[in-house]
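Visitor: One structure coming up, written as structure tokens, with questions to follow.
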Amino acid sequence: MKLITFTKKGIYCPQGKFYIDPWRPVDLAVITHGHADHARWGMKKYLCHHYTKPILYQRIGPDIECQGVEYGETITLNGVKVSLHPAGHIIGSAQIRLEYKGYVTVISGDYKVQEDGLSTPFELVKCNEFVTESTFGLPIYNWLEVPDLNKKLQTWVLKNQENAKTSVFIGYSLGKAQRIMKAVEGLGKIYVHYSIGKLNEAFESVGINLPDYTVADFRENAKEVQHEIVIVPPALLDSNIIKKIPDAATAICSGWMQVRGARRWRSADAGFAMSDHADWKGLLQAVKATEAEIVHVTHGQTEVFSKYLNEINIKSDVVQTQFGEDEEESEKEIIENPGP
């Protein structure tokens, strides 16, 4: 039985007559999470976890028709049982479980099995068919435990304070920025770019508690952040706004920082391998635990990861999608293509 097909509009469930994370306008889109490559403008109706709902309002528009559901809540769409389960990627991220006549397909979206202390932890969902990402599907990618990584961020901030430096973190506005805030909580005043502040409001609107922060207008009064902690999105790396911050020491937070020498691709002072995607071990752990009969590998290191799965007797193929242009890919492009 085939519960999903891969079409020009996106992943389609013909029995249920809906799409999962479509990249072209459709009548009904079931959304895994709020990043722009998975949640796009133009759908007649959106279905997502209720934590993702205010993010979609913020990013797509307040007038969209959007239904929010809880994790584990089952909705039947044209005979197909649909439920959302934690993906551990960012707040509100979900794996989409489809069941029809006893056959189960899970579309995982983006996920990580590592608990970050902020997102709802990844939940294993057994299935017949599994769709997985492979953003970091190479053995070189192995993340530190979250407390150890947070300790590195804290040590860097404390060192900067000793040297009268302003700690400037570069991290994606949705997911990464909030993790950085939690990691450095209590070490000083936290200032964020307005794009991060807007998404923080979306989190707070559903009862998510974040550390105290101030939205700073770096164009008007950058001096107020001097010697404090600043978090800005990757688009501002090497921008005039960054250059206005007094005594700035900059650090990129991205999974791509796992590769030795990556930091030298840009003028950052430090790099931390912080990712909201599963590393090599995490991907294998998740795929094996699903016990799926077939695994479809989407964005990232698709060929390598799919080939390895087949070598260890897990039937796998590569599926082309328009996913992947999210925070990690955007940061990679910034790092690898510094420009003039």
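Visitor: All but one of (1) open to solvent by 50 Å² or more (accessible area, probe 1.4 Å); (2) modelled with pLDDT of 95 or more hold for residue 36; which doesn't?
Guide: (2)
Visitor: Then there's this: Only one residue in 172, 191 is within 25 Å of the chain's Cα centre (by Cα) and open to solvent by 20 Å² or more (accessible area, probe 1.4 Å). Which one? Spell out how you get there, then give the answer.
Guide: On the way: 191 fails: open to solvent by 20 Å² or more (accessible area, probe 1.4 Å).
From the options 172, 191, the qualifying one is 172.
Visitor: Can we say residue 275 is in a loop (DSSP other than H, G, I, E, B), closer than 29 Å to residue 32 by Cα and either open to solvent by 50 Å² or more (accessible area, probe 1.4 Å) or among the small types (Gly, Ala, Ser) (or both)?
Guide: Yes, satisfied.
Okay, residues lined up against (1) in contact (Cβ under 8 Å) with a residue 12 or more places away in the chain; (2) open to solvent by 10 Å² or more (accessible area, probe 1.4 Å); (3) within 20 Å of the chain's Cα centre (by Cα):
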site	(1), (2), (3)
45	yes, yes, no
48	yes, no, yes
64	yes, yes, no
78	yes, yes, no
93	yes, no, yes
98	yes, no, no
111	yes, no, yes
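Visitor: Further question on the same structure: Considering only the range 52-59, I want to know if a residue exists there that is among the aromatic types (Phe, Trp, Tyr), at negative phi and crowded, with 19+ Cβ neighbours inside 10 Å.
Guide: No: zero hits.
Visitor: Check every one of the helices (runs of 4 or more DSSP H) wholly within the range 107-206 and list those with 2 or more residues that are modelled with pLDDT of 95 or more and of a type in the set (A, V, I, L, M, F, W, C). Write out each step before concluding.
Guide: On the way: elements: 146-162, 176-183, 194-204.
Here the list reads 146-162, 176-183.
Visitor: Could you check residue 144 against (1) hydrophobic (A, V, I, L, M, F, W, C); (2) open to solvent by 50 Å² or more (accessible area, probe 1.4 Å); (3) closer than 18 Å to residue 225 by Cβ and say which number it fails?
Guide: Of everything listed in (1) hydrophobic (A, V, I, L, M, F, W, C); (2) open to solvent by 50 Å² or more (accessible area, probe 1.4 Å); (3) closer than 18 Å to residue 225 by Cβ, residue 144 misses just condition (3).
Visitor: Which numbered condition in (1) under 19 Å from the mean Cα position of the chain (by Cα); (2) within 27 Å of residue 2 (Cα to Cα) is the only one that residue 117 fails?
Guide: Evaluating residue 117 over (1) under 19 Å from the mean Cα position of the chain (by Cα); (2) within 27 Å of residue 2 (Cα to Cα) leaves (2) as the failure.
Visitor: Counting just the residues of the range 194-224 that are touching a Ser or Thr at 6+ places or on another chain (Cβ under 6 Å) and open to solvent by less than 20 Å² (accessible area, probe 1.4 Å), which one comes out farthest from residue 150 (Cα to Cα)?
Guide: The qualifying residue farthest from residue 150 (Cα to Cα) is 199.
The values are calculated or read from the model by the stated rules, or taken from the named source; none is laboratory data. Everything numeric in this text was worked out from a predicted model, so none of it was measured. When we count neighbours, we look across all protein chains shown, and the Cβ atoms used for this are built from the backbone with ideal geometry, even at glycine. With ligands, DNA and RNA removed, areas are computed over all heavy atoms of the protein, side chains included. Shrake-Rupley method; radii C 1.70, N 1.55, O 1.52, S 1.80 Å.
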